[in-house]
1. Under a Cβ-only charge scheme (Lys and Arg +1, Asp and Glu -1), can you give me the dipole magnitude of the range 160-281 about the Cα centre, in debye to the nearest 20?
2. Which residue, chosen from F177, I113, V70, occupies the Cα position most advanced towards the positive end of the dipole of the chain, where the dipole is computed from +1 (Lys, Arg) and -1 (Asp, Glu) charges on Cβ about the Cα centre?
3. Could you size up the charge dipole of the range 2-322 around its Cα centre, putting +1 on the beta carbon of Lys and Arg and -1 on that of Asp and Glu, and report it in debye to the nearest 20?
4. Which of K185/K308; K240/K260; K157/K287 have a Cα-Cα distance over 20 Å?
5. Name the shape class, rounded, prolate or oblate, that the alpha-carbon gyration tensor gives for the range 238-318, where a ≥ b ≥ c are the square roots of its eigenvalues, rounded holds for a/c under 1.5, and otherwise prolate holds if a/b is larger than b/c and oblate otherwise.
6. Using a Förster distance of 22 angstrom, determine the FRET efficiency expected from the C-beta separation of I8 and D163, and round it to 0.05.
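Readers should treat all values here as calculations from the given coordinates under stated rules, not as data from a laboratory. These numbers were taken from a predicted model, which means no experiment stands behind them. Note that we place each Cβ from the backbone using ideal geometry, even for glycine, and neighbour counts take in every protein chain shown.
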Amino acid sequence: MEYIILGILLMIIMLLYFKVADRFNIIDKPNQRSSHKEITLRGGGVIFWFSALLYFAQNIHSNYFFFTGVTLVSLVSFWDDIQSLSNKIRISIHFFAISLIFYDLGIFNLIPIWQIILVYILAIGVINAYNFMDGINGITGLYTLVVMGSLLYVNTKIQLFTDGAFIKYAIIASLVFLFFNYRKKAKCFAGDVGSIGIAFWIIYLVLKLILITESMIWLLFLAVYGVDAICTIIHRLYLKQNIFEAHRLHLYQVLSNEYKIQHRLVSLLYALMQVGISIVVIFLYQKVQDIIIFSIIILPLVCIYSSKFYLLNKVNLRLKHEA
C-alpha cells in the first residue's frame, strides 16, 4: 500500500510540475544534434528528487549526507536545464556532493589517497556518462529500472547493504517518469536534473555495495552505459572534437538517427542488454574471479559498440552515392 500511495503522490507531483514547466517555458528545443524533433517539456526527472524527499521525510535520521548531496546536484542541474551554467560551477558542486557521500560511507578512512582520487574520477565519470546517455525516449527510465532492480535483488537475496525501501522509492519514481516519457511523443524529458540526480543515487548505492562486499564486480551493473560512454569519448578524442559539446556519435544515436530505429525499441534493447549482463554478474559472483567476469562482459560489449563504425561507414557510403 505504501508504494501505491507513493506512486499516486509522484503522479500528482509530476502533473503539477508540467503546469510549472509550461508556465515558465521550461522546454527542450531540438537542434541539428538532437535525437528528437519536437519541443518537449524539460526537467521531468525532478521526480527522482521528490521521491528522495518523500523517503527522507519518513527517515529523517537516515543518510542525510546523501540527501544533501542529491539535493545539491539536482538543484544545480535544474538550474542548468533552465539556463546554462559554466562547467566549473557544475563540476565543483558535483565534487562537493560526492565528497559528502564519501564521508558518509567512510571512504576517506578506508583507502589511501591515490585510490580516493580514482574513486572521485569514477564517480564523476559515472554521473556524467549517465547524463551523456540520456538522449532518446525511455532510455534513462528503463536503464534505471534495470540497475535499481539488480541492486534490489542483490540487497534481498545476496547481501543486505541498505534499506530496501530506499531502492524501491527510486524504482517507483522511474515507473512514474516512464509513464510520461516512454511514448512515441514524450510528454517530458528527464533533463540534467533527472539523469544526474538518479545517477548520483545509483553511484551511492553501488559504492556502498562495493565497500561491503569488497568486490568491484557491481560496477558491471553499469556496463552498457559505461562502455558506450567511454568508447564514444575515445572516438571523439580521435576525431579531435570537444567532448563537452553535443554530438550524435553514441551507438544509440546512430541506431535512432541514422538507421531510423524507433527510439523506444533502442531504449528497450539497451535495457535488455543490461538485464542479461546483470544476470551473468549475479550468477558468477564468487564463483569465478572478478577479472574473468569483467573480461567476459566488457570484451563482447566493445565488439558490439565497434559495429557502430561499420554502420556509420554504410551511412557515409549511401550519402556519397546519393550525392
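1. Numbers: 11 positive and 6 negative charges, 116 e Å.
Once rounded to the nearest 20, the dipole reads 560 debye.
2. The Cα lying farthest towards the positive end belongs to F177.
3. Working: 25 positive and 16 negative charges, 215 e Å.
The calculated dipole for the range 2-322 is roughly 1040 debye.
4. Details: K185/K308 26 Å; K240/K260 27 Å; K157/K287 16 Å.
In this structure, K185/K308; K240/K260 exceed 20 Å between Cα atoms.
5. Details: a/c = 2.44, a/b = 1.82, b/c = 1.34.
Cα axes put the range 238-318 in the prolate bin.
6. Efficiency, from the Cβ-Cβ distance: 0.55.
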